[in-house]
Every structure is written in structure tokens, then in C-alpha cells.
1. Can A:A577 be described as in contact with a helix residue (DSSP H, G or I) (Cβ under 8 Å, 6 or more places away or on another chain) and assigned to a loop (DSSP other than H, G, I, E, B)?
2. Would you check which residues across region B:1-31 are within 13 Å of ligand 2 (Cβ to nearest atom) and closer than 30 Å to B:D156 by Cβ and list them?
3. When region A:11-39 is examined, which residues are found to be within 14 Å of chain B (Cβ to nearest Cβ) and in a helix (DSSP H, G or I)?
4. Answer yes or no as to whether A:L308 is more than 14 Å from chain B (Cβ to nearest Cβ) and within 30 Å of A:P377 (Cα to Cα).
5. Provide a single number: the residues in region A:265-282 that are at pLDDT 90 or above and within 14 Å of another protein chain (Cβ to nearest Cβ).
6. Do we find that B:T173 is within 16 Å of ligand 1 (Cβ to nearest atom) and either crowded, with 17+ Cβ neighbours inside 10 Å or in a loop (DSSP other than H, G, I, E, B) (or both) in this structure?
7. If you go through region B:31-49, how many residues are within 12 Å of ligand 1 (Cβ to nearest atom), under 21 Å from A:M290 (Cα atoms) and in a loop (DSSP other than H, G, I, E, B)?
Amino acid sequence: MKQLAIAWQLLRRDLRAGEVRVLVLALAVAVAAVAGVGFLTSRVDAAMQRQASELLAADVSVEAPRELPADWDELASDEGLRHARIVRFPTVVFHDGRSQLVQAKAVTADYPLRGELRHSATPDGEEVVSTSAPPAGEVWVERRLLDSLGLRVGDSLPLGRGELRIARVLRYEPDRGADMFQIAPRVLMAWADLDATGLLNAYSRARYRFLAAGDEAGVAAFRAVLTDRLQAGQRLLGIEDARPEFRSALERAQRFLGLAALGAVLLAGAAVALAAHRYRERQSDMAALMRCFGSRQNDILTLYLLRLFGIGAVAVLIGLALAWLAQAVLGEVLAGLFATTLPPPSWRGAGVGALTAVVTLAGFALPSVLRLRHVPPLRVLRRDLGAPSVSTWMLLASAAAALGLLVRWQAGEWQLAGYALLGLIGTALGFALLAWLLLWAGRGLQRGAPATGWWALRFGLGALQRRRGLAVLQIGAFATGMAVILLLAVVRVDLLAAWRDTVADDAPNQFLINVQPEEVEPLRALLRDAGIADPRFYPMVRARLTHLNDKPIDEIAFAEERGERFAHRDQNLSYAAEFPRANRMLGGLWWGPDDAGHQVSLEKRFADSLGIGIGDKMEFDIAGTPLQAHVMSLREVDWDSFQVNFFVLFNPKALADQPGTWVTSFHLSAADHITLPRLNREFPTVTAIDVGALIGQVRTLIDRAVLAVEGVFGFTLIAALVVFLAAFQAERADRGREIALLRSFGATRVQVRRAAMIEFLMIGGLSGLLAAAAAWGAGWLLAARVFNLDYAFNAWMWIAAPLIGAALLSTAGMLNVRRVLAEPPLQGLQAS
Amino acid sequence: MEHGFTVPHGTLSILRDIHLRVKAGESLAVLGPSGSGKSTLLGLLAGLDRPSGGRIEMFGTRIDDLDEDGRAALRAGDRDAGGVGFVFQSFQLLPALTALENVRLPLELSGNRDADARARDWLGRVGLGDRLDHFPRQLSGGEQQRVALARAFAGDPALLFADEPTGNLDRATGAHVAELMFSLQRERGVTLVLVTHDENLAAQCDRRVRIDGGELRESA
Ligand SMILES: Nc1ncnc2c1ncn2[C@@H]1O[C@H](COP(=O)(O)OP(=O)(O)O)[C@@H](O)[C@H]1O
Ligand SMILES: [Mg+2]
């Protein structure tokens, strides 16, 4: 109790000390980074959880690419269940010369069976909850559609051959989870209006669902009935089918962001260690006095642990407040990616943040503070006796242990943790080494500076050498912080531009899918009319992969997750007599007219993911008919050509008589506003996909996600600034004494300021230079090794980064020097 | 008792064959030139360090073979349980604490219930009742040393160690602080061990000893 009261009183004093403030700030940044990520991911996670339970808008559901049997209505009613039908399909809507790809969804009157729809009269109007679908003649649409086509509630929306009135703005649908990262806006319509639009035929890319809901026994009985009747392509969905691929994507994102946040923690840790070192020095007098007054070592230890705990608690509170703010902003940025609003964050994020603070304090500050116990009481008589300082190795070991713990925890597994830890420490050490080399090389600069009239320059450069250890730390930290930001903000944009340059201007920008065989010739004529020279049509047959080398794919364990996905999704098979354009043969032979027919050519990466190669045997199921083929060749496809390309190409002999549709692609000039509407009128079941618009939408999606990542890396930059401040604090007494001495020798304030300015400009400039070099190097590696692009030298970044670094650090540094200068020189000379 | 330090090439013998007994209530001055080992002796007597050889007793307890915490326990507490106060040449006030908090700290450490009232009272006695909330840097040297005196006496010690208490002060201020110290010492009947090279200050003590060449001599 006694200790607690004293600790509380001293804590209030502690919080006024410069080094403690830096410590609190550093710790708060670490907490904010980690908790911010925790908060944000918990919101996304909760959104997915919530959608999982409502995912089906029913208790049980069957999904299929074809309409489900009519007698199921009766079967469901027999079990006492309510039921509904829905169908989702992409289509294009035209208005006023503009077009928009939409995700249409037609539903029967009882939809949704579980969950609710929310809609409003105007885009921002009050939300109304309803549990029934739009009546015939009406559509409910998402705001995004209104915005993109300039439509309003009450207008009529042309859909295929028909027109429907926009009655409400759709705000929420329970089973939106199925298309959570939906790019195309939703158009919700009545099942009864389907026929009038003529949008669906047997070849449409539609997903049909039959929904049923009711009491548990009824649901179970109905499930049993269905299980016997399920045919190929029909999938029974339960509530547990909550998009597993999104879940694993989220988990990966969570790990990545968590590890990214640890970059901030590492830098913050360096600042904490510096501040704690200074704290130990400054508290040695108190510890010695307390010993003198008769306190035992353990009393002193308790007192300092309590204070450290208090300091940590304050930092956690500030950090959590920052994290809350950050997640609110980032949540707003990400909100557009989700079809629903994000639920509030869970408190788990706060716990994670607090734990990070504890571990960081224990690893980076505790070793120094523990030493206070060993301050000899004799210090009161002999000032030179202080607490023995912590050995660097000991400090590094405990810091590495703390960091390792945090990394392991965020990574969730040892191997990733190991790589991440090596990456973090390697980057930090690499930067420090480079900084040291730069400073070492900079000695020449100092010697070369003119001897007279340039005193400030010589002295400023000299100061860098005298405080080289701290300067290395400052440069290393700040370069790290800037490099990650540059990588995201500059290099990413450069890479994107480089990629866009590789795409030919006249590359196809429109894809037409779902063209029926008898439509090919009239469509070709229409396209020729529109000035498209030689429209090429490619056949496409939908199928499912069933066996590889006679083994059912359900029994195959794929090494890659991608292989698993490739194997289980619908396959788009095509056939060609000639080797396709924009492809390169990697191995095997292309078939000639004499080859028997059962051969297939695979795209290399597709084959690799499935773990097969030339000579292997594949079996497909095409609308109930099995089809076998041997892999005869492997191809590499230039996807950037935007030509129609296929993973799986058959010898025409094997596939030509299978039922299928045709696809084509062409380049449509931006000025052409008539071809697509005409196409839509004359061929309502053909779906046009505007690749340009699609890429634009995907980019917005990525930009948003990157913004969130940048937010996390922003903490790294702030942590780097705190390292700078901590280093400044650590040398403050030294600097104060130095400045006081200079002034006692007659140096003017201007001279002193100038010398300090040179020092900070150098630190900031060198940091920026290193950051630019690192970001450029990473960009070059990515371009050359990963994306196969030519990475242009970005001169702008090389100039701007050092300038920005110099501006930031000189501002921060001069603010602090001003305070030192404000003190009378006498105080600086007396300070110990 | 004897004492030496381990230095790079052997040991440096500072104090040799010291015999010294201080009676309760007495004031003793230890005189000697700078570097003669006065502070070293004071530190040993107060139990802040252990001698290389010989024995030291405080309040009838041998302290040379006690561990640090044991000696600390002897220093803590008030007159009934022993209790030691200190005054230093460099004042040794904590810069982050106000005058009041500086005086209160040792009282609170020993669990004194009316620490605050007592600290205020003592600051009043040394003439600083109106400077309670001032930080050391806002006080002059003489004022700081008076705070240190208040701090030393507030704990009601049986024994007070003073190491050059006027060494950092000008003549007049030093004299004033010394006067205050001696009057409080007599009033409270505290045993005082004073280390100084200032003959005038030493003259005010009941008894004087001199260190020279590591040896101790009684002097007039
Ligand atoms: N820890 C130590 N190690 C080595 N020499 C020491 C140590 N402490 C004190 N000394 C030496 O002992 C001598 C006496 O010091 P001190 O007691 O401070 O003298 P005084 O207080 O009389 O001026 C000095 O020469 C000093 O350098
Ligand atoms: Mg001395």
C-alpha cells in the first residue's frame, strides 16, 4: 500500500520527464499499430461471421448452374418448410450511352426465408426492413448503379428486352455474403419478370438456388430427401458453408497486417530501450538516495516496477485511443469493399494491444530498469558511481526474445515467424550498416569543408561523427519507416504504370460471353458493321474435372491451395485446330489432322497446380457425359494480351460436337456509344464484359486495401520519428552541455542553430536517400523477378525522399534544439 | 578498521588502522585535505560501503558483516530504531520533486503516517514554509541545503552524517546553513558526524579528528 501511494505520486512526476514521455509515446505507437490492426480485422471478421449465419437466407439450400426441379416446391411443403427460388447472373445495363455490369438476382415472393432485406426510398433515406421480395414490375437496386448511370428512384431500368421500374434503393440483403467482394452492383428483381427480359437461356452463366426453411426436423428430413436426388452440379449448402476461401484470405491478411504492425513495434522498441536507458541514468540518484534512507533492494525494485507498470498503462490507454481512431478511419476506407456495414470492433484488439505493451516493456525497458536495484548507496557521496549499465548483448537478447514472442504470436506458426523475424531484424541491421558506411564515408566531407567562415558546417558534420552510434540508429529507423511508405505509395504506382505500358492500345477491351452457336454469324456481321475487322469466336464447353490419372479428384490431396480450387470449379474447355495466338509452346507437340482426338493442351501453371504434366490422363464430366483425354502439350499464355485464352484446349475432334457456347473479344473505341446498346437489344442473352471498367473497379478495390496497409505502415513512420526523438532525448544532456560550452566561448545562437540544422538535415537526407534506394531496389526486384516488367528509374523519388526526410527531421530536431537554447548556458554547464 | 580500493596495479590503501568511537549526542568533525579519505570514512561509518578489514558498529550492531539490505534497515526508522540522516555537499535533492515532496519521500518510504504534516512542519522550521511547491532548480544553493536539512531532521534520526555541507555555498550562506544545522542538532540531541576541510566549521563541533596519510589523529 505504502509503495503504491509513493509509486502513484512519483508516476505523476515521471510523466513530466522528457524521456518518460518519449517512452510513453513509443509504446503508444506500438500499441496503436497492433491494436489498430486487431480492431480492424475483428470488424471484418465479425462481418463475415454475421454473414455466415445469414449467408443462405435459409436453413438449407441447393445451388446449381441450371434451374432446379419444379417438384421440389412440393417436397419442401410436404416437410412443412417454407421455400423460395433465386437466380443470380451477370448482365449489362445501358442508360444514356453508358453501360454498367450488374449482378442481377431474381427472387420469388417469399425470399428471404431467413434474415431481412433493408431498403430506402432515396440513396440516403431512412432504411426500411422487409422480409419479402420486390413485387413484379419493380427492381430494387444498389446506390452504386444509380450513381454510375445517373439514374434515380422512379426511373425505368432497361433489362434485356424488358423495362422495370426502380422502386427502392437496396441497402442490405442477408445472403450477400455469397458475393461479398462484389464488384458489380446488385439489381434485385421478381422471379416473375424473368421471362419478359429474356435474359436467361440454357447457356447463361447463372447460379440457381432453391431455398427452404422451417423447423429442425423438417429441415433434416428435407435434407435427407434431397441428398438422394442430387445430381451432378447440384450442391447442398448448409450454414457451415461460409465462404472458406474468404476466411483463409482474411486470415492471411490478418497475419500480414499483424506482422506489418510489428515493424512499428520494432522501431518503437528501439525508442523504448533508449528512453529506458536514459530513465535509468536519471533515476540513479533517486535509487541511491532511497538506499541511503534505508530502502531495501526489493522495495526499490517494487517501486520501479509499479511505476513502469503505470507508465505502461498510460501508454496503453493512449495507444488504444489512437488505435480506435485509426480503425474508424481505415474502416471507413474499407467499408466500400463490403456489401454491408462493418460491425463494431471487438475488445480482443485492445487485449492484444495491451499484451504487446507488456512484452515490449519487458523486452526493451525492463533490463535497464531492473538495474536500478543495483545502484550503490555510495553514489550519494561519489557521483560517478551509477547503476551498472546493461550489457548490449543482454539488451539485444531480451529485445530479440520479446520480438520473437510477438512475431510468433502474430504469425501463428513458427516457420513464418522465423522468416518474418529474420526479415525484420535483417532489414533493420541492413539499414544500420548502410547508415554507418555512409557516415564513415562522410568523414571526408567534414575534413573537406572549408576551415574558415564555415564553422557551422564543420561543427555540424563533426557532431554526426561524435554521435555516430545514435545517428546510425536514427538513420536506420527513419529509413525503414520511409522505405515502406515509398514502396507502397511510389513503387506500386510505378509498377502499375509499367504494366499498363505493356498492354497494347488496341488490346481487346470488350468480351462477349454466352454466345449461342446460331448467334455467331449474325453477331459477326454486327461487329463487322461496327468496324471490327476480323472478330474471332472461340468455342467454350462447361465441364467439371472428375479424375486425374483415373483417381477421383476428391481423393487427391493437392499440394497447392490453388490446385484444390482449380480442380473443383467449373471448367471452361475449348478446342482449336491451330496453335493459338499469344501462346508459347513449352513442351510436347501440337496435334495435327491425323491425331486421334483425345488430346488436350494445358496452360503450364494450371497443370503445375494440379500436379500433372505431359502424358497424364484427365477425365471431365460434360453435362453428365464423361470425356477422357491425355495431356499432349504445355503452353505459356500471355494474359496481358487480353485475347481470349483457355487453360484447357482440346483437339477439336474430341469436343466439337459437345453442347457449348462461343466467346469473342474485340477492341471498342471509347467514342462508340451505339454498338453495345445495339448488341444488347438484338442479343439479350449475350453478356458483354467491359474489361476496362472491370480493371478500373479492381483498381479501386486494390487502392482501398493498399490504403489500409499504408495506414498500418504509417505507424512505422511515426515510430521512426519517435526513435529520432528518443535519441535526441538520450543525448540531450550532452548536447545541452555542448551548447552551453559553445555559448560560453562566444558562439551566437544563430551559429549554434546552424550547426544543429546541418546535423539534422544530414540525418534526414541520408535516411531519405537510403529509403529511396531500398524502395527502388525492392521495386526493381519485384519488376524483374515477379512481374517481368521493365522498371523505370524514378528520379523524382530519389530527389523527393531525401528532401522530405531532411525537412521532417530538421523540423523535429530544431523544435527540440530551440528548447535547449532557451535554457541559460549556466544550467547546461551544471547539468550532470 | 582499514580500507583500500582495488586499482589496476594492486590495492590503494586509503585508511589504515582507524580507531574511532562516537558517543551519543556528541558532534564530531572529521578534518583533512581534499582526497585524504574523509568521504570514504563517512561512507563506511554510515554503512554505505563495507570496509576491507576491521569492524564497524552502529547503535551497538556490527555492520561490517551485514549485507546491504541489513545495513539499510538500520538506517531506516526513527530514533527508537536507530535511524540515520544525511546532508551532502551537492544537496542531492531530486530535481523532479518539489521541496515538499523531497522532504516527504524518506518519511513515506519508512511508512510514516503523517509524512505530509511533518514535512511541512520541518520546511517551516528551516524557513521555507512558503516555498513548498518549488522545484530544486527554483531554489538557491542555500535554500536547497536547507531543504536537505529539513529532509534529514524530519526522519527524527539518532545519527546525522554531513559531508562538506557548506562546501558548495558561499561564506555567508554557508555560515547560516551551519548555524541552522548545529542548532537543530543540539535541540534534537542528534549525534553528528561532520566531514569538512573548513576549520571554522569544525570549530563548532564538540570534538575534532584529523585524517592524514590514511591515519586518524585526535586534534584539539
Ligand atoms: N572507488 C574508488 N576507487 C579508487 N579510488 C577511490 C575510490 N573512491 C575513492 N577513491 C580514492 O580515495 C581517496 C579518498 O577519496 P575521498 O574519500 O573522496 O576524499 P575526500 O573526501 O577526503 O576528499 C581519493 O584519492 C580517491 O581518489
Ligand atoms: Mg569528499
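The values are calculated or read from the model by the stated rules, or taken from the named source; none is laboratory data. Worth saying up front: this structure is predicted, and the values here are computed from it rather than measured. Quick reminder, even Gly has a Cβ in these numbers, built from the backbone with ideal geometry, and neighbours come from all protein chains shown.
1. Judged against the criteria, A:A577 is a match.
2. B:V30, B:L31, listed by residue number.
3. A:L11, A:R12, A:R13, A:D14, A:G18, A:E19, A:V20, A:R21
4. For A:L308, the condition - more than 14 Å from chain B (Cβ to nearest Cβ) and within 30 Å of A:P377 (Cα to Cα) - is met.
5. Selection size over region A:265-282: 1.
6. Values: within 16 Å of ligand 1 (Cβ to nearest atom): no; either crowded, with 17+ Cβ neighbours inside 10 Å or in a loop (DSSP other than H, G, I, E, B) (or both): yes.
No, not satisfied.
7. Here the count works out to 2.
Let's see how each residue does on (1) of a type in the set (A, V, I, L, M, F, W, C); (2) within 40 Å of the chain's Cα centre (by Cα); (3) surrounded by fewer than 17 Cβ atoms within 10 Å (Cβ to Cβ):
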position: A:N583; (1), (2), (3): no, yes, no
position: A:G587; (1), (2), (3): no, yes, yes
position: A:W591; (1), (2), (3): yes, no, no
position: A:A607; (1), (2), (3): yes, yes, no
position: A:E619; (1), (2), (3): no, yes, no
position: A:G624; (1), (2), (3): no, no, yes
position: A:R635; (1), (2), (3): no, yes, no
